[in-house]
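A.B. asks: What follows is a structure written as structure tokens; I'll ask about it next.
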Amino acid sequence: MNSLLDAVASRVDELGVVLGAHAGGIELLELAGGTARIRYTGMCTGCPLRPLTTVSTVRPALLELDGLESVEIEGSRISAEAEARLAAAFARTASRGQYASS
């Protein structure tokens, strides 16, 4: 079996548990080369916070896997440029500890 495929599928399952807390989910559609193509399911399909979930949780969790180079989201509703701005804003906020518990 393909070890990258196994690792990506396992990570998608882990993310699905988290998203399931919001009645949503995620599924792996395809792994081609170093690119994973995924789709949100359930309540995540129409969630307006889906881009934030992508940049803060889904994409980082998948890209930390050795051998995975990119993640494509089926049905993404924002441009790559807008997503990059959102990711940069999230990174700045997270680095300042905005969401750290007291």
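A.B. asks: Counting residues that are more than 13 Å from the chain's Cα centre (by Cα), which helices (runs of 4 or more DSSP H) fully inside the chain reach at least 1?
C.D. replies: Those helices (runs of 4 or more DSSP H) span 3-20, 80-95.
A.B. asks: Could you check region 26-49 and list, in sequence order, the residues that are closer than 13 Å to L15 by Cβ, touching a residue at least 24 places away in the same chain (Cβ under 8 Å) and open to solvent by less than 50 Å² (accessible area, probe 1.4 Å)? Talk me through it step by step, then tell me what you get.
C.D. replies: The first filter runs over region 26-49 and keeps only residues closer than 13 Å to L15 by Cβ, leaving 26-28, 36, 38-42, 44.
Narrowing further to those that are touching a residue at least 24 places away in the same chain (Cβ under 8 Å): 26, 36, 38-40, 44.
Answer for region 26-49, where residues must be closer than 13 Å to L15 by Cβ, touching a residue at least 24 places away in the same chain (Cβ under 8 Å) and open to solvent by less than 50 Å² (accessible area, probe 1.4 Å): I26, A36, I38, Y40, C44.
A.B. asks: Here is a list of conditions, (1) within 20 Å of D6 (Cβ to Cβ); (2) out of contact with any Lys or Arg (no Cβ under 9 Å at 6 or more places or on another chain); (3) of a type in the set (V, I, T); (4) surrounded by 15 or more Cβ atoms within 10 Å (Cβ to Cβ), and V55 meets all of them except one; can you say which number that is?
C.D. replies: Looking at each condition in turn, V55 falls short on (1).
A.B. asks: Mind checking which residues of region 34-52 are in contact with a Lys or Arg (Cβ under 8 Å, 6 or more places away or on another chain) and more than 12 Å from G24 (Cβ to Cβ)?
C.D. replies: Once the filter is applied, which keeps residues that are in contact with a Lys or Arg (Cβ under 8 Å, 6 or more places away or on another chain) and more than 12 Å from G24 (Cβ to Cβ), region 34-52 yields only P51.
A.B. asks: How about region 14-25: which of its residues are surrounded by fewer than 13 Cβ atoms within 10 Å (Cβ to Cβ) and free of Cβ contacts under 8 Å to residues at least 40 places away in the same chain? Spell out how you get there, then give the answer.
C.D. replies: Taking region 14-25 first, the residues surrounded by fewer than 13 Cβ atoms within 10 Å (Cβ to Cβ) are 14, 17, 21, 23.
Scanning region 14-25 gives V17, A21, A23.
The values are calculated or read from the model by the stated rules, or taken from the named source; none is laboratory data. None of these values were measured; they are calculated from a predicted model. Positions of Cβ are generated from backbone atoms using ideal geometry, with glycine treated the same way; all protein chains shown enter the neighbour counts. Heads up: the accessible areas ignore ligands, DNA and RNA and are worked out on the full protein's heavy atoms, side chains in. Shrake-Rupley method; radii C 1.70, N 1.55, O 1.52, S 1.80 Å.
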